[in-house]
């Protein structure tokens, strides 16, 4: 092993758990006296996991991609959407054909700065139009007729992670996406609450009395191991979280709070590779314009604050933000000023290392639709996962996705 | 019958056993105990819900008028939440333990999800009625249920345009398991299920014009088969008995599979596909009561919740609280994750669910407090201790400790331990429990329920 390797490994251990490290490593004493030297390495790529982070945001309910990025030069668009089609003069135009919803001004800024890639027509073969099932498909990266019981981030943890906190969902409970075969991510909306829960004196006492036999491979052993891991993860996340603060004001809403927490954790140098959060309410069957406008505003303003916060703390370079929705919506509006469940839609990649900022590909035809009247997909979402896994997180994507998907070149 | 064996049987075939039941049962032999279990479940009681609010909807209004349809779905979705709690309540109060446990098992075998309360209720009761009956009849009934016809798209399966979804899952998940049929078998059998549909009320309707009456070649045989014929031909495969018995073994005996036992069960089951006979064989077998099968299963969220409230009755004030608990624990009845159902076992457990599980007894029963008073500490009385914080923020519930007191009045602390905890406690945990003040059985009950060992059955 070369010297740099040793140092990176050691500093990694230090980041993860100093106490544990001191117990374990014989090199501890020498490094203990050069904290600055060690600290210098904390901001470098440190582990087999690497240092780059992925933030995933689900716009839950099925965001209407066509009223988010609007094809304002297509008569078909206005013909199909006589009352909910967005008027040309209200659109933030960016190309001859496409423009942003007026509440996406902050996203337009990112677009101008080269921080945003929009991938059109993302979907999968034989699309399923149930929220439930389609979310499942996106979270497990399965075919539409395949039922997987582990999520794609969970399988990433199985292969490359070792602690629940390697993937954190900013929520009260864990999504399938973060569940692996042998290791699961951890969910927390509030690191302090999670920590308090884990510090119940009764449990601490029970754990103190645990014996090795508890840690066998049997089910009960698995419970004890999970409790111990949960306790130390909660503690670790809490301690990391409290070392940092936000350098940026955030809007006051639940979604912005999720990003605020994510930012604090990222800036703490936590050993977390994937953050997962969501913004719900996009199921706009009726009265779509107001509902969607409000949500897009929440999304865009939250993202703006988040990016600005990361930039100020020098962590934007190593953060990639992926925003998806389980499906887009029907091209033709319905009678209730809304839209019904559709298929392919657009997906946003935000970051500072984009190879192809702007529009990655053309919008699919609005007249050549599938049997349901939905956009046909041209990019399989698993190709995007493969790209993110292979090129951003630098891992073997095939192991995780169980198949080789062609990678794209947006990063 | 030995107490430990009774507890094991009652946890696997039900949701635990109360001290009084245990006392009565321990005077009987195994044969009598098992018999009584089946006797109590001999005739099914339907699960009902008042749906009169939805009576004014007609087929015409729901099909033709979009806003009516939306209104119907919204009302129906609300009813489903109530139906969920009615089901949970049934599990807590029923004497038909085995039938209800089997109903849970089959609901996670013939997995289905729908938003029409009438169809869901009917489906749920079809499962309950067939839970201990003939497996062949069961599969045929399921294939004709409105909720299933919708869920796996068999309703869209027409001669002109076959839909293979149901045929595929029928073999992959309901009867044979992956790898025991060909793609061609799926295509051909899908044609046999064409024309299956249902009316507004949820009754099966066979659409002759959409049925493919032509020859189909399935498993090497050729004929003008319909769906029932296909199911009979599947049942002819011994693999079908093996597949189901493997799942039964995994659910009722041990999630570490013993292939020899599975084969033994398959031999029994293959004879007549009689579910009751199969379960009788399981519960009468000596190997069922072997130590390695006891206390090794991780309770499902529902088993955990129901077991707990069967020991200390809890009346939840709000429907949404009951659903919230299920959601956070990772199992909402009537809401399976997908057609493969809940995986069970270790997959119930992650950092968040395990912390909640350990905490839930104290959250519900004692305002999130678990007494850690050591022996000799000054003793408050129990009421005073727990009345400090009256409002329970997490759930609003009424706790019936009096019933618990009555039920456990003759139990010593030592008894309580053995009644609530199925696996052996380690010496360390036992020692720790002994350091705690043993003043209140209620306290001790919450302490025991907060142990990792309480998660096992």
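Each reported figure results from applying straightforward, stated rules to the coordinates on display, with no laboratory input. Please read these numbers as outputs of a predicted model, since none were measured by experiment. Every residue, glycine among them, receives a Cβ derived from its backbone with ideal geometry; neighbour counts consider all protein chains shown.
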Determine the shape class of the stretch B:136-231: with a ≥ b ≥ c the square roots of the Cα gyration tensor eigenvalues, call it rounded for a/c under 1.5, and otherwise prolate if a/b is greater than b/c, oblate otherwise. oblate
As computed over chain A, the Cα convex hull volume per residue (Å³): 155
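Residue B:267 to residue B:52: extension gain in nm, 0.36 nm per residue of separation minus the Cα-Cα distance? Spell out each step's value before the answer.
On the way: separation 215, 0.36 × 215 = 77.40 nm, distance 4.73 nm.
Extending this stretch completely gives an extra 72.7 nm.
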Which angle between 0 and 90 degrees, to the nearest 10, do you get for helix B:319-329 versus the longest principal axis of chain B when only C-alpha atoms count? 90
Take peptide A:172-178, look around each residue's Cβ out to 10 angstrom, count Cβ atoms belonging to other protein chains, and average those counts. 3
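Beyond 44 Å, what percent of the Cα pairs of chain B remain? Could the numbers behind the result be given before it?
On the way: 19522 of 104196 pairs.
Summing the P(r) of chain B above 44 Å gives 19 percent of all pairs.
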Once R0 is set to 60 Å, what does the formula 1/(1 + (r/R0)^6) return for the Cβ-Cβ distance between residue A:293 and residue B:178, expressed as a FRET efficiency to the nearest 0.05? 0.80
Partner chain coverage, peptide A:220-233 - average Cβ within 10 angstrom: 5
Please arrange B:183, B:424 by how many other C-beta atoms lie within 10 Å of their C-beta, fewest to most. B:183, B:424
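Provide the percentage of antiparallel DSSP beta bridges, counting only those with both residues in the protein assembly as shown; round to the nearest 5. Please list the in-between numbers first.
Numbers: 28 of 50 bridges.
Roughly 55 percent of the beta bridges in the protein assembly as shown run antiparallel, per DSSP.
Any idea what diffusion coefficient the stretch B:37-159 gets from Stokes-Einstein, in µm²/s, Kirkwood Rh on alpha carbon pairs, 20 °C, 1.002 mPa s? Write out the running numbers ahead of the final one.
Details: Rh = 15.7 Å.
Stokes-Einstein gives a translational diffusion coefficient of 137 µm²/s.
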What's log10 of I(q)/I(0) for the protein assembly as shown at q = 0.08 Å⁻¹, Debye sum over Cα points only, no solvent? -0.81
For residue B:343 and residue A:89, FRET efficiency with R0 = 41 Å and r from the beta-carbon atoms, rounded to 0.05? 0.20
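Which value results when the Cα radius of gyration for the stretch B:221-293 is divided by 2.2 N^0.38 Å? Please report the intermediate quantities before stating the final value.
Numbers: Rg = 14.3 Å, N = 73, 2.2 N^0.38 = 11.2 Å.
Dividing the Cα radius of gyration by 2.2 N^0.38 Å gives 1.27.
Distances over 24 Å make up what percent of all Cα-Cα pairs in the stretch B:1-107? Don't jump to the answer; show the numbers that get you there.
Numbers: 2545 of 5671 pairs.
Of the Cα pairs, 45 percent sit more than 24 Å apart.
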Between the stretch B:262-341 and the stretch B:184-237, what is the separation of their alpha carbon centroids in Å? 32
Taking the Cα atoms of the stretch A:371-411, report the difference between the largest and smallest coordinate on each principal axis, in whole Å and largest first. 38, 22, 12
Set of the stretch B:258-301 residues, backbone N closer than 15 Å to the point 7 Å along the Cα-Cβ line of residue B:5: B:281-294
Fewest to most neighbouring Cβ within 10 Å: what's the order for B:216, B:247, A:376? A:376, B:247, B:216
Rounded to two decimals, what is Rg over Rh for the stretch A:96-191 when you use alpha-carbon atoms and the Kirkwood radius? 1.08
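Helix-only mean residue ellipticity at 222 nm, chain A, DSSP H runs n ≥ 4 weighted -39,500 (n - 2.57), per residue, nearest 500. What is it? Let's see the in-between values first.
Working: 15 runs with 158 residues, N = 411.
Value at 222 nm, helices only: -11500 deg cm²/dmol.
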Less than 18 Å from a label point 7 Å out along the Cα-to-Cβ axis of residue A:96: which backbone N atoms in the stretch A:347-381 qualify, by residue? A:359-366
Expressed in nanometres to one decimal, the distance between label points 7 Å along Cα→Cβ at residue A:398 and residue B:45 is 5.9
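Within chain A, what percent of beta bridges assigned by DSSP are antiparallel, to the nearest 5? Write down the numbers at each step before the final one.
On the way: 15 of 37 bridges.
Just about 40 percent of them are antiparallel.
From the P(r) of the stretch A:161-304, could you give the percentage of C-alpha pairs in the tail past 24 Å?
On the way: 4319 of 10296 pairs.
That fraction is 42 percent.
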Mean-square fluctuation maximum in Gaussian network of chain A, Cα pairs under 10 Å, restricted to A:285, A:115, A:101, hits A:285
So, in nm, how far is label residue B:78 from label residue A:245 when the simple model puts each one 7 Å beyond its Cα toward the Cβ? 4.7
Could you list the square roots of 5 times each eigenvalue of the Cα gyration tensor of the stretch A:250-317, that is, the equivalent ellipsoid semi-axes, sorted largest first and rounded to whole Å? 27, 12, 8
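So, R0 is 60 Å and r is the distance between the beta-carbons of residue B:396 and residue A:145; what FRET efficiency does that work out to, to 0.05?
The value I calculate is 0.90.
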Ranked A:238, B:288, criterion: other C-beta atoms within 10 Å, fewest first: A:238, B:288
Taking Rh as the Kirkwood radius, which is the inverse of the mean 1/r over Cα pairs, what is the Rg/Rh value for the stretch B:244-344? 1.05
Per-residue Cβ counts within 10 Å, from other chains only, averaged over B:426-433: what number is that? 5
